[in-house]
Every structure is written in structure tokens, then in C-alpha cells.
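*Asks:* I have a structure I would like to understand better, so I am pasting it below and will then ask my questions one at a time.
The values are calculated or read from the model by the stated rules, or taken from the named source; none is laboratory data. Please read all numbers here as calculations on a predicted model, not as lab measurements. Heads up, the Cβs are rebuilt from the backbone with ideal geometry, glycines too, and the neighbour counts pull from every protein chain shown.
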Amino acid sequence: MRKIKIGYFGDGKWAHSSFKKLLNDKSIDISFLCLRNKKPDLYLYKLAKKKKIDVFNPKNINSSSFIKNKNLKEVNLFVSMSYNQIFKKQLISMPDLGIINCHAGNLPFYRGRNPLNWVLINGEKKFGITVHYIDDEKIDSGDIILKKIFPIKKSDTYGTLLKKSHNECSKILLKSIKKIQLNNVKRIKQSNIDKKGSYFKKRISGDERINWNWGATKIFNFIRALNPDPLAYSYLNLYKHKVYIKEVSNEFKKKIGRVKPGTIVKVTSKYFNVSSNDKIIKVINWKSDSKLNEKQILN
């Protein structure tokens, strides 16, 4: 097996377990670690320094000052794990084995940011983790090396999918690197799977608000997609208070008569019921600085 030198671009839990796996592999030499410029990952920084690995956190990885660094020229493969800058043409062409990225999405579908939120919001029954080459400046568009699909259960939340992805991404990344070392990669063009694929935008502050005019199933999926963070919410009492909703039951009750969506129809110490467009939803985990009462409207 060919011994290779790697330049590692990473941040956060996504990058932690992968970095440790690479450090423990004797056939891999990590030449440098590149952290995000703002709020660099101190956990990765300490690991690298302990192993006497050079650490960078440039404002622009495509700048001439960064590219001329000798460490980059000595590397065979760049690895990107939750890195937030786009690699441009000159940088892409530098390592002889290319650049690879691990993406928690089933490519060519679910390109872009926050794919684990979006698969739940969209009511998908499965999600994917993909390791692919960065072949150009487009986002998540390069040839696929490996992909693994996992089922989504009704009990899953963004938190459970995130935890699974943190663990599984490091495994599939290492397998992909081994294939590269053995010259055993069968590149799969994303256009051979689907000509267009799909792209989902980054979620922003304000996207967490629940629309009670949606159907109950859509609201259920939306709430679990934002659990445990940042949490779905609704306003109460003419926008004076927020009610954060962490969990609702996946079993709904029929509406009796005409009930305006968002109307609280029952309140107990352990749960409250609220009307959606088509069913009654049981809220079982929430927080609010205001007391909830029947006939109040969430909006």
C-alpha cells in the first residue's frame, strides 16, 4: 500500500474522529492541518501540536501567500471535513491525488448546507453519507468515491442523525483513502446517477418558525429536524412570547369541527394539544416563559 502525505482541512466534531483515525494510520502522514479562520477548532489544534504538525488558519486558502507554502507542494492528497472555504482551480490542481470531501448527504441529491435538517423536513425515509472528489469550484459536484445509505426512523431527530453521521463519516472517509492508496477507486460521475440532482440552501435564523397551516406530518418532521438545536418555535399572545417545541407525538388525532390551525385545544402538566391544518398534534416536550391555556393561538 502506497504511503501518502495528507493536508487536512477541517472543523468540529465531523473532523475530530477522522483526524484521530488518520493520525493512528502508519501509512498516512499528515503534513499540515488547516483550520477555519474564524473560531478555529482548538481540539484539532491541540492534537496537531501534540504531534508536531504544522497548523494554518488562513483568511483565504486561495491566496498566493497560502498557496506558496511549501507544505502544500509536498502533499499527495487534500482532505476536507466540514471546511467552510471553496477550493479554487490553482489549489485543486496541486495534490497529485486530488482533493476529497465527506458530505452528509446522498449525492447528487442533497447538495449544499444542512442536508440532515432537510432530509427530515422533507420526510425522507433514508439519508446518505458520500465521499467525493472536489473536481471544480461547484459545491458537492465531484465524482463519487464511496457512498453509504442509512434508514431514518420515526424516532430520529436532527441530533440522532448528526451523532450517527459524525461516527460513520470518519469510517467511510478512511475507506475512501485506502482505495486511493491502493489505486482502486472507481469514480462515479454524479450525472450518471441523476442529470440535475438537487441543492438545498443553508438554513438561517428565522427559519425555525412553525406554520400551523401545514399538515400534521409536515409539522412533526419540521420539529424533529430542529431538535436539539436551534428548536422550532411559535409565537404566543400577539408575538410577545415564544414557545419552543422540542418534541411532538407521531400519532395524531382527528379534528372535530372547524378549529383554526394553531389553536391550543387542551393543556395538561405533561402535554398540550394544538390544531394543525388537518389533525390535532400532541406536544410532549416544550419550553415557554408564558403559561399556556386552552383557546390560545400559536402563530
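*Asks:* Taking K279 as meeting all but one of (1) among the charged types (D, E, K, R); (2) surrounded by 16 or more Cβ atoms within 10 Å (Cβ to Cβ); (3) out of contact with any Lys or Arg (no Cβ under 7 Å at 6 or more places or on another chain); (4) touching a residue at least 40 places away in the same chain (Cβ under 8 Å), write down the number of the exception.
*Replies:* It is condition (3) that K279 fails.
This table checks each residue for (1) more than 18 Å from the chain's Cα centre (by Cα); (2) over 20 Å from D194 (Cβ atoms); (3) not in a loop (DSSP other than H, G, I, E, B).
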residue	(1), (2), (3)
Y83	no, yes, no
P108	no, no, no
T130	no, no, yes
K147	no, no, yes
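*Asks:* Turning to a different aspect of this structure: Could you look through segment 233-271, keep only residues that are surrounded by fewer than 18 Cβ atoms within 10 Å (Cβ to Cβ) and of a type in the set (A, V, I, L, M, F, W, C), and pick out the one that is farthest from I223 (Cα to Cα)?
*Replies:* Restricting to residues being surrounded by fewer than 18 Cβ atoms within 10 Å (Cβ to Cβ) and of a type in the set (A, V, I, L, M, F, W, C), the top hit is I256.
*Asks:* Looking at segment 232-249 only, could you name the residues that are over 16 Å from Q296 (Cα atoms) and assigned to a strand (DSSP E or B)? So that I can check it myself, show each step before the final result.
*Replies:* Taking segment 232-249 as the starting set, the residues that turn out to be over 16 Å from Q296 (Cα atoms) are 232, 246-249.
Listed by number, the residues that qualify are A232, K246, E247, V248.
*Asks:* Taking the stated definitions as given, is L33 assigned by TED's automatic domain parsing to the domain that holds I86, of a type outside the set (K, R) and touching an Asp or Glu at 6+ places or on another chain (Cβ under 8 Å)?
*Replies:* yes
*Asks:* Being surrounded by 15 or more Cβ atoms within 10 Å (Cβ to Cβ) and either acidic (D, E) or part of a helix (DSSP H, G or I) (or both): is that true of K163 here?
*Replies:* no
*Asks:* Suppose we keep only residues that are among the hydrophobic types (A, V, I, L, M, F, W, C) and outside any strand (DSSP E or B) within segment 250-299. Which one would you say is farthest from Y233 (Cα to Cα)?
*Replies:* It comes out as I256.
*Asks:* Can you tell which of N221, N213, N227 is surrounded by fewer than 16 Cβ atoms within 10 Å (Cβ to Cβ) and touching a residue at least 60 places away in the same chain (Cβ under 8 Å)?
*Replies:* Answer to the selection: N213.
*Asks:* Just the residues that are of a type in the set (A, V, I, L, M) and surrounded by fewer than 16 Cβ atoms within 10 Å (Cβ to Cβ), please, taken from segment 282-299.
*Replies:* Listed by number, the list holds a single entry, I284.
*Asks:* Restricting attention to segment 2-34, and to residues there that are of a type in the set (S, T, N, Q) and surrounded by 19 or more Cβ atoms within 10 Å (Cβ to Cβ), which single residue is farthest from the chain's Cα centre (by Cα)?
*Replies:* So the residue we want is S31.
*Asks:* Select the strands (runs of 3 or more DSSP E) contained entirely in segment 1-75, then report the ones holding at least 3 residues which are touching a residue at least 60 places away in the same chain (Cβ under 8 Å).
*Replies:* Qualifying strands (runs of 3 or more DSSP E): 4-10.
*Asks:* Give K88, K73, K126, K68 a once-over and let me know the one that is within 21 Å of K171 (Cβ to Cβ) and surrounded by fewer than 17 Cβ atoms within 10 Å (Cβ to Cβ). Walk me through it before giving the result.
*Replies:* Working: K88 fails: within 21 Å of K171 (Cβ to Cβ); K73 fails: within 21 Å of K171 (Cβ to Cβ); K68 fails: within 21 Å of K171 (Cβ to Cβ).
Unique residue meeting the criteria: K126.
*Asks:* Can you pull out the residues in segment 209-231 that are among the hydrophobic types (A, V, I, L, M, F, W, C) and part of a loop (DSSP other than H, G, I, E, B)?
*Replies:* So the first thing to find is which residues in segment 209-231 are among the hydrophobic types (A, V, I, L, M, F, W, C), and the list is 210, 212, 214, 216, 219-220, 222-223, 225-226, 231.
If the condition is that a residue be among the hydrophobic types (A, V, I, L, M, F, W, C) and part of a loop (DSSP other than H, G, I, E, B), then I210, W212, W214, L226, L231 are the ones that fit.
*Asks:* On to the next question. Quick check on I180: is it in the same structural domain as N24 (by TED's automatic domain parsing), touching a Ser or Thr at 6+ places or on another chain (Cβ under 6 Å) and crowded, with 18+ Cβ neighbours inside 10 Å?
*Replies:* No; evaluated as a whole, the condition is false for this residue.
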